[in-house]
Amino acid sequence: MHAHAAPEQETAELGRLRAELARVFGIAELRPFQEQAICANLAGRDLLLVLPTGGGKSLCFQGPALVRRGLTLVVSPLIALMKDQVDGLRENGVAAAMLTSAQEPEERRAVHAALENGELRLLYVSPERLAVDGFVEHLVALGLAAIAIDEAHCISHWGHDFRPEYRQLGRLRQRAPGLPLHAYTATADERVRADIVTELGLADPLVIVAPCDRANLVYRVQPRRELSKQLREVLERHRGEAGIVYCISRKEVERVDAELRAAGYRSIAYHAGLSAEVRKRAQEAFSNERVDIVVATVAFGMGIDRTDVRFVVHAALPKGLEQYSQETGRAGRDGLTAECVLFHTGADYFSWKTLLERSHEEARAAGDEPDPSALAHSLERLGEMRDYASRFVCRHKQLVEHFGQTWNAEGGCEACDVCLGELAPAPDSTILAQKILSAVVRCQQRYGAAHVTDVLRGANTDAIRRAGHDRLSTYGLLSANSIAEVRAWIDQLVGQDLLRISGERYPILVVSPTGSEVLKREREVVLYALPVAQPKRARGTRAPSAEASAGSADLALFERLRALRRELARERAVPPYVIFNDRTLEQMAAQKPRSVEAFRAVKGVGDKKAADLGPAFLACIASAD
Ligand code: ADP
């Protein structure tokens, strides 16, 4: 169906493309998956590329657009996302533009004029804009050559971010017959991938699923006890660095944000209850480095293009691993080490479960006839998330296997709490579990975690005396352990579905059928002790980090270059990373170039930026002596 170019032609075109990438972006080498994707792209073949965040998807459509005859159309779901890409391309001297409904008529006219004159290499549009009658057909008449669909998972009901306006992209095949379609996404399991192919009508596409492991992310999971204190410990490891704190509710967002600001952190709140204007300002403040931390609900996401996010904290269990990967995926897009910390308690699972069941019921009451398998599906995803948090298994391995790939790093990942040895199994875990389960049974499965903890620790409370629980055989069995420890174990038992939380009026603990097997000594349990030591450093050991290169890069100079970048970004009204990313600044600080040629040789510096920005950066470097 598609005429594939002969290999020798590909090579010549690929050679030209490499030269252009070096000249325009200062990019010396293609990553293996980029090369594969770009070859298919140049050959006019349909493509689905699943590449983790930071893997370099944009280059796969931007590169071919530089060398191909005709226009490349890019469909993207968010205006902020498009704007940043277009700004970035223009800074590098590429003729790119966008068309959105939010633009002034004047600006739109200018874009249309450039289109008619065939001046543009790339045009970014929203799916809504694409739906306008005759628009695509007109582009085809003007010489449209390829269509890239970014965030393609939005087309799938199975994905975590379904967008109805993406559905109509299914008509592109008919509206632009014979043109190659290229779909890009960071997270898509098998079902979502199949959906993308079917919905877009991709014909014999090359499907590339790049390894999804994010080696530069260090994952940690901790029982949530005192969120404020625990959060501060994380933030202390990241003074002055960028990060996101995800909370479940708007109220919690407001509370945590106020607390952080009171403690002197540069933080801002973001949730769907705020006006569009306030949200936009928050997003910009983060982009422009006026704040370091965004405290947000899941509403904060796709528009973030800051590549130097150094930490992502989840204050509670997210709804599923897709969502978790997407949110943690926003950390470390520059490839440098970043930290992802999840705080949770066993109760999080049950709060979500109740919420999901209730909204299912409400939909039914409203006569919507919700699909019963949808509820089962949501609960299944929630269960997978809980298992991730409560298992004592390498976090990288769990995530990679969840996305259907094989994990084969021998000797562990060196980048999660389990493999870094920050969690130690509690001695005699199974016996410990039996003591706790048995205390729950002896309290007749009518009390909550606080009371059971008191009983196990031999506390002298009214409730215990009234119920006569000081006479139970389990009373004081764990008197040598702290409240925090016992609560953490109870949470883990809930997390492993050995205990369940039930109760109409207030939560009470009951033993599950698998929990009974533990009591009958038919099943072993692993519980872990509280984190043995708070990590002093945020870094794992596999990825380069600002710290690791501190020896060669002059940190003071790096900070000065960052300040210069902020200033230039403000003048040009673009986000700082559009000027240069952290990695490029680090290399400048290490190499200290003295001439425009030496400056041009730094990775990430192309011709246009060397000419435009070189003098200012060279002056800053020279003044460091
Ligand atoms: P994604 O869209 O997959 O999240 P981006 O396209 O935003 O990732 O790329 C992330 C970063 O990696 C950008 O700063 C980009 O310039 C850089 N990058 C992409 N490909 C390469 C490459 N081959 N060599 C060096 N840097 C690259």
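For the chain, adding -39500 (n - 2.57) for each run of n ≥ 4 DSSP H residues and dividing by the number of residues yields -14000 deg cm²/dmol at 222 nm. Using the Cβ-Cβ distance between SER58 and GLN174 with R0 = 25 Å, the FRET efficiency computed as 1/(1 + (r/R0)^6) comes to roughly 0.40. These residues, ASP348, ASP470, go from largest to smallest accessible area, 1.4 Å probe, as ASP470, ASP348. Only the Cβ atoms of Lys and Arg (+1) and of Asp and Glu (-1) were treated as charged; on that basis the dipole of the chain about its Cα centre amounts to roughly 1260 debye.
Exceeding 27 Å between C-alpha atoms, which entries from my cross-link table qualify? They are LYS57/LYS251; LYS251/LYS353; LYS57/LYS280; LYS57/LYS397. Distance filter (> 27 Å) returns LYS57/LYS251. Taking the dipole about the Cα centre of the chain, with the C-beta of Lys and Arg at +1 and of Asp and Glu at -1, give me whichever of VAL94, PRO223, ILE244 is farthest to the positive side. Projecting each Cα onto the dipole axis, the largest value belongs to PRO223. Within the accessible surface of the chain, defined with a 1.4 Å probe on protein heavy atoms only, the carbon and sulfur portion equals 51 percent. Within the chain, antiparallel bridges make up roughly 10 percent of the DSSP beta bridges whose residues both belong there. The calculated FRET efficiency for the pair LYS603 and GLN405, based on their C-beta separation and a Förster distance of 35 Å, comes to about 0.75. For LEU48, the amide hydrogen comes within under 5 Å of the amide hydrogens of ALA183, LEU206, VAL207, ILE208, counting only partners 5 or more places away or on other chains and with H modelled in the peptide plane. The residues of the chain expose, per residue, 43 Å² of accessible area to a 1.4 Å probe.
Dipole orientation for the range 361-403: of the candidates VAL393, HIS377, ALA365, VAL393 has the Cα lying most toward the positive pole (charges on Cβ; Lys, Arg +1; Asp, Glu -1). Taking packing as the residue-averaged number of other Cβ atoms within 10 angstrom, the listed peptides 16-28, 511-523 run from highest to lowest as 16-28, 511-523. Counting Lys and Arg as +1 and Asp and Glu as -1 over every other residue whose Cβ lies under 15 Å from the Cβ of GLU485, the net charge comes to +1. In sequence order, the range 284-299 has phi-based couplings of 5, 4, 6, 4, 8, 6, 7, 10, 9, 10, 10, 9, 8, 8, 4, 4 Hz under the Karplus curve 6.51 cos²θ - 1.76 cosθ + 1.60, θ = phi - 60°, and Gly or Pro positions carry x.
Of the residues VAL24, CYS620, THR72, the one whose Cα sits farthest toward the positive end of the charge dipole of the chain, with +1 on the Cβ of Lys and Arg and -1 on the Cβ of Asp and Glu, is CYS620. Counting Lys and Arg as +1 and Asp and Glu as -1 over every other residue whose Cβ lies under 9 Å from the Cβ of ASN92, the net charge comes to +1.
Label positions at ALA529 and ALA95, each projected 7 Å from the Cα along the C-beta direction, are separated by 6.7 nm. Angle check, please: helix 555-572 long axis (alpha carbons) against the longest principal axis of the chain (alpha carbons), in degrees 0 to 90, nearest 10. The two axes meet at around 60 degrees. About the centre of its Cα atoms, the range 10-116 shows a dipole size close to 180 debye [charges on the beta carbon of Lys, Arg (+1) and Asp, Glu (-1) only; nearest 20 debye]. Label-to-label distance, ASN460 versus ARG69, with points set 7 angstrom from Cα along the beta-carbon direction: 9.3 nm. From most to least packed by mean Cβ count within 10 Å, the peptides 111-118, 455-462 give 455-462, 111-118. Relative to the Cα centre, the charge distribution of the range 274-393, modelled as +1 at Lys and Arg Cβ and -1 at Asp and Glu Cβ, gives a dipole magnitude of about 300 debye. Among the trypsin sites (Lys or Arg not before Pro) within the range 312-383, not one is in coil by DSSP while having at most 13 neighbouring Cβ atoms inside 10 Å. Taking a Cβ cut-off of under 12 Å around ALA269, the surrounding Lys, Arg, Asp and Glu residues balance to a net charge of +2, with basic ones at +1 and acidic ones at -1. Taking a straight Cα-Cα cut-off under 16 Å and skipping sequence neighbours fewer than 8 places away in the same chain, the lysines within cross-link reach of LYS520 are LYS435. Stretching the chain fully between GLU362 and ILE483 yields a gain of 39.7 nm (0.36 nm per residue, less the alpha carbon separation). Which shape class, rounded, prolate or oblate, goes with the chain when its Cα gyration tensor gives a ≥ b ≥ c as root eigenvalues, a/c under 1.5 marks rounded, and past that a/b bigger than b/c marks prolate? It is prolate, given that a/c is not under 1.5 and a/b is the larger ratio.
The values are calculated or read from the model by the stated rules, or taken from the named source; none is laboratory data. Predicted model only: the values in this text are computed from it and were never measured. Heads up, the Cβs are rebuilt from the backbone with ideal geometry, glycines too, and the neighbour counts pull from every protein chain shown. When the accessible area is computed, the model is the full protein with side chains, heavy atoms only, and any ligands, DNA or RNA have been set aside. Shrake-Rupley method; radii C 1.70, N 1.55, O 1.52, S 1.80 Å.
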